[in-house]
Amino acid sequence: MRLGTHFVGTVRLGIKSLLLHKLRSALTMLGIIFGVCSVIAMLAIGEGASYEAQEAIKKLGSNNIIVRSVKPPEEANSSGSSRGFVLEYGLTYDDGARLQRTIPGVRAVLPMRIIRENVRFDQNELPCQVIGTLPSYVEIVGVDILRGRFITSVDEMYQNNVCALTAGLASRLFPFQDPLTMSVKVAGVYYQVVGIVQERNMVEQRSQTGQIDGEPLDNNVYIPMSTSRSRFGETIFRRTAGSFSAERVELHQVTVQMQDTDAVETADPQIKTLLRRFHPKNDYETIVPLELLRQAEATKRIFNIVLGSIAAISLLVGGIGIMNIMLATVTERTREIGVRRALGAKKKDIITQFLVETVVLSVGGGLIGVVIGVAVPFIVSALAEMITIVTVWSVFLAFGISGAIGIMFGIYPARSAANLDPIEALRHE
Amino acid sequence: MQATPKTNGAPVIHLEGIEKTYVLSAENIVRALRGVDLKINEGSYVAIMGPSGSGKSTMLNILGCLDRPTAGSYQLGGHNVARMPDDELSEVRGKRIGFIFQSYNLIAQLTVMENIQVPLIYQGEDPRAHHDHTVQLAKMVGLGDRLDHRPSQLSGGQQQRVAIARSLVNDPFMILADEPTGNLDSKTGAEVLEMLDQLNRSGKTIVLVTHDDKVAARAQRVIHMKDGKIDREVVNRPHNN
Ligand SMILES: Nc1ncnc2c1ncn2[C@@H]1O[C@H](COP(=O)(O)OP(=O)(O)OP(=O)(O)O)[C@@H](O)[C@H]1O
Ligand SMILES: [Mg+2]
């Protein structure tokens, strides 16, 4: 009780002394304000960025390994200039079968042919990706069926001319009609629309096969694999900027779904070993979302350490600022210290008095810093369209550190005040 | 102060062979006090005089437990305070001794009210519980209408009167004053001295350092110091309460 009122009195006295030099106290607090603010804001931005990355990777499926055809580097340049030359590269139908057979722990292998074409309905003609794939695409890659159905094994068996459209493409192609009763035309062939779907994944992840900047991402036309093979053949001609090129690619992508995440780690090197034997040209790449996730987590850790260090340094600088001012204050108030000692103050009373002042400075700065630090991520979110996540622990961490800094850097000035000889202090001018 | 006089006349302070030596360097040793023996009875009024550098302030600081003697014994109310640890000395200062300084030594950021209450805080008292007492003290020194003023808004005499009120707030038995009128003109100085006389009449022991014979004349005993020793003592009036 008694101690309580005494403490309140000491805090009030500390605030009063600080208010005596408002500008000085405010400037001293700035160091802590910036420190705390930067801890919280930087951690929030870092947390948000890594959350976005992790979500993106998770959508690729942490049980999946994605194998993708890539143009071999040494032939990529020559292909455009040599007219009539057919560039042959990439994964083959055999690769898909081989992966299924050889790699232990494989649950499913999903082949894909991705061909860039234009899709037409009536007067509308839009660029699209014609994805020839199997019905298991729905589970392995992950799509939501909004209306109708996806392609089925029956479609695959009979090479049916049917297609599913992504929602965005469907709405652009059919502004007024119901797409499910219509057919669209791709490369001179009509396909009946059987379903509207939406990809759960980030489409960019496999759009390297010719994504044009600024084009809407959900422009997929899904057709049965067998249909794709018979309608388009294996050689794909492409006209780009007046020149003409032809490529022969059997499969553009194979998604290997493993039984569990443990199997992913063992399968990744096995897949590489297997493919190396049949692809000396290095015309493929593998993407392991699980590994990307791990990398993202490791990156986040490093990021946090770097940000944390920067913030810690700024807090440290703030602490030194506080200590500097308090040392000056002690010198300035030497006489007051002597008077208080003569009037019965013990050393610990003097220590408390000055320590309370530094803690008021640092905790006050900490509070303001928390408010700004929480506000900044919101502003960043609004302006930069970034996700930011202010974690509760970062607020407590920053606030706790600021308090600790006040005590740490306050101890020395407070002790040097208390250890002044009362008579010397009284005689001080 | 209407405290009942408790002047039984017994020696409450007993100094024996008090020495204070400052060792500045191996060759430079200052012997500020060189064996002082002194007894002071409770309720008496003692003035200390002597040339500059004779050790008056040093002695008063030791009497006030602000400083410890290098040698000798100091009995204060039956306790040897010469070897007391720092915290206990603080306690003795806070509870039993009131200080009045030449340069007032009020705390600039505090009001008159708060300045008077500073000694209370260090006794763990809640100042709010002593509001009436503080106001009474302020009225006694004639500053009842200045409670919210800061020291910078007061004259020297007024500041010294605040210091007197402050020295009384914990009801000490002894008031020590080092040249309390040194910074004041003779008229305000006389007012301050009148207050000290009154305090002595109400039973406080008063020890005062001065250079002024007229000031010393108010005391019962005048102790003349020279070169760190008591040179002679003059008794103005016998102590007969
Ligand atoms: N901290 C110190 N270090 C060294 N010498 C000191 C110290 N304090 C006092 N002295 C010396 O002790 C002696 C007595 O000093 P003191 O202050 O007691 O004198 P005083 O009688 O009060 O003089 P004045 O009338 O001028 O106030 C002086 O010679 C002084 O130089
Ligand atoms: Mg002196």
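Given B:Leu168, B:Leu147, B:Leu110, B:Leu106, which one is touching a residue at least 40 places away in the same chain (Cβ under 8 Å), surrounded by fewer than 22 Cβ atoms within 10 Å (Cβ to Cβ) and more than 16 Å from ligand 2 (Cβ to nearest atom)?
Values: B:Leu168 fails: surrounded by fewer than 22 Cβ atoms within 10 Å (Cβ to Cβ); B:Leu147 fails: touching a residue at least 40 places away in the same chain (Cβ under 8 Å); B:Leu106 fails: surrounded by fewer than 22 Cβ atoms within 10 Å (Cβ to Cβ).
After ruling out the rest, the residue left standing is B:Leu110.
The conditions are (1) assigned to a strand (DSSP E or B); (2) surrounded by fewer than 22 Cβ atoms within 10 Å (Cβ to Cβ), and A:Leu30 fails exactly one of them. Which is it?
(1)
Being under 21 Å from A:Ile236 (Cβ atoms) and touching a strand residue (DSSP E or B) at 6+ places or on another chain (Cβ under 8 Å): is that true of A:Arg172 here?
Numbers: under 21 Å from A:Ile236 (Cβ atoms): no; touching a strand residue (DSSP E or B) at 6+ places or on another chain (Cβ under 8 Å): yes.
Spelling it out, it is not the case that A:Arg172 is under 21 Å from A:Ile236 (Cβ atoms) and touching a strand residue (DSSP E or B) at 6+ places or on another chain (Cβ under 8 Å).
Considering each of B:Ala217, B:Ala190, B:Ala177, B:Ala129 in turn, give the residue that is more than 16 Å from ligand 1 (Cβ to nearest atom) and either closer than 23 Å to B:Glu114 by Cα or touching an Asp or Glu at 6+ places or on another chain (Cβ under 9 Å) (or both).
On the way: B:Ala217 fails: either closer than 23 Å to B:Glu114 by Cα or touching an Asp or Glu at 6+ places or on another chain (Cβ under 9 Å) (or both); B:Ala190 fails: either closer than 23 Å to B:Glu114 by Cα or touching an Asp or Glu at 6+ places or on another chain (Cβ under 9 Å) (or both); B:Ala177 fails: more than 16 Å from ligand 1 (Cβ to nearest atom).
Result of the check over B:Ala217, B:Ala190, B:Ala177, B:Ala129: B:Ala129.
What are the residues in the range B:32-58 that are over 16 Å from the mean Cα position of the chain (by Cα), surrounded by fewer than 23 Cβ atoms within 10 Å (Cβ to Cβ) and within 16 Å of ligand 2 (Cβ to nearest atom), if any?
Of everything in the range B:32-58, those that are over 16 Å from the mean Cα position of the chain (by Cα), surrounded by fewer than 23 Cβ atoms within 10 Å (Cβ to Cβ) and within 16 Å of ligand 2 (Cβ to nearest atom) turn out to be B:Ala32, B:Gly50, B:Pro51, B:Ser52, B:Gly53, B:Ser54.
When the residues of the range B:56-79 are narrowed to those that are within 12 Å of another protein chain (Cβ to nearest Cβ) and among the β-branched types (Val, Ile, Thr), which ends up nearest to ligand 1 (Cβ to nearest atom)?
Of the range B:56-79, the ones within 12 Å of another protein chain (Cβ to nearest Cβ) are B:57-58, B:60-62, B:64-68.
From what's left, among the β-branched types (Val, Ile, Thr): B:58, B:62.
Details: B:Thr58: 3, B:Ile62: 10 Å.
Across the range B:56-79, the extreme among qualifying residues is B:Thr58.
Condition (residue is among the acidic types (Asp, Glu), away from chain A (no Cβ under 11 Å) and within 20 Å of the chain's Cα centre (by Cα)) applied to the range B:113-132: is it met by at least one residue?
no
What number of residues within the range B:77-103 satisfy the criterion of being among the basic types (Lys, Arg), surrounded by 19 or more Cβ atoms within 10 Å (Cβ to Cβ) and over 24 Å from B:Glu19 (Cα atoms)?
0
Sort out which residues of the range B:195-221 are within 16 Å of ligand 2 (Cβ to nearest atom) and surrounded by 15 or more Cβ atoms within 10 Å (Cβ to Cβ), and write them in order of number. Show your work before the answer.
Within the range B:195-221, the subset within 16 Å of ligand 2 (Cβ to nearest atom) is B:207-212, B:215-216.
Passing the criteria: B:Val207, B:Leu208, B:Val209, B:Thr210, B:Asp212, B:Val215, B:Ala216.
Looking at (1) more than 11 Å from ligand 1 (Cβ to nearest atom); (2) at pLDDT below 95; (3) within 30 Å of B:Ser155 (Cα to Cα), can you tell me which one B:Gly53 breaks?
Here B:Gly53 meets the rest and fails (1).
Would you be able to tell me the number of residues in the range B:59-81 that are under 13 Å from the mean Cα position of the chain (by Cα) and touching a residue at least 40 places away in the same chain (Cβ under 8 Å)? It would help to see each step written out before you state the result.
In the first step, residues of the range B:59-81 are kept if they are under 13 Å from the mean Cα position of the chain (by Cα); the result is B:59-66.
Subsequent filtering for residues that are touching a residue at least 40 places away in the same chain (Cβ under 8 Å) retains B:59-60, B:62-64.
Residues in the range B:59-81 being under 13 Å from the mean Cα position of the chain (by Cα) and touching a residue at least 40 places away in the same chain (Cβ under 8 Å): 5 in total.
Is one or more of the residues making up the range B:17-33 in contact (Cβ under 8 Å) with a residue 12 or more places away in the chain, away from ligand 1 (no atom under 15 Å from the Cβ) and more than 14 Å from chain A (Cβ to nearest Cβ)?
yes
In the range B:141-160, which residues are away from chain A (no Cβ under 12 Å), in a helix (DSSP H, G or I), within 18 Å of B:Val118 (Cα to Cα) and in contact with a helix residue (DSSP H, G or I) (Cβ under 7 Å, 6 or more places away or on another chain)?
Those that are away from chain A (no Cβ under 12 Å), in a helix (DSSP H, G or I), within 18 Å of B:Val118 (Cα to Cα) and in contact with a helix residue (DSSP H, G or I) (Cβ under 7 Å, 6 or more places away or on another chain): B:Gln159, B:Gln160.
Under the condition of being within 16 Å of ligand 1 (Cβ to nearest atom) and not aliphatic (A, V, I, L, M), which residue from the range B:80-108 is nearest to B:Met174 (Cα to Cα)? Please lay out each step first, then the result.
Just the residues of the range B:80-108 that are within 16 Å of ligand 1 (Cβ to nearest atom), to begin with: B:99-103, B:105.
Next, only the ones that are not aliphatic (A, V, I, L, M) stay: B:99, B:101-103, B:105.
Values: B:Phe99: 9, B:Phe101: 14, B:Gln102: 17, B:Ser103: 19, B:Asn105: 19 Å.
Per the criteria, the residue is B:Phe99.
Would you check which residues across the range B:94-108 are among the aliphatic types (A, V, I, L, M) and within 7 Å of chain A (Cβ to nearest Cβ) and list them?
Residue satisfying the conditions is B:Ile107 alone.
The values are calculated or read from the model by the stated rules, or taken from the named source; none is laboratory data. None of these values were measured; they are calculated from a predicted model. Neighbour counts run over all protein chains shown; Cβ positions are idealised from the backbone, glycine included.
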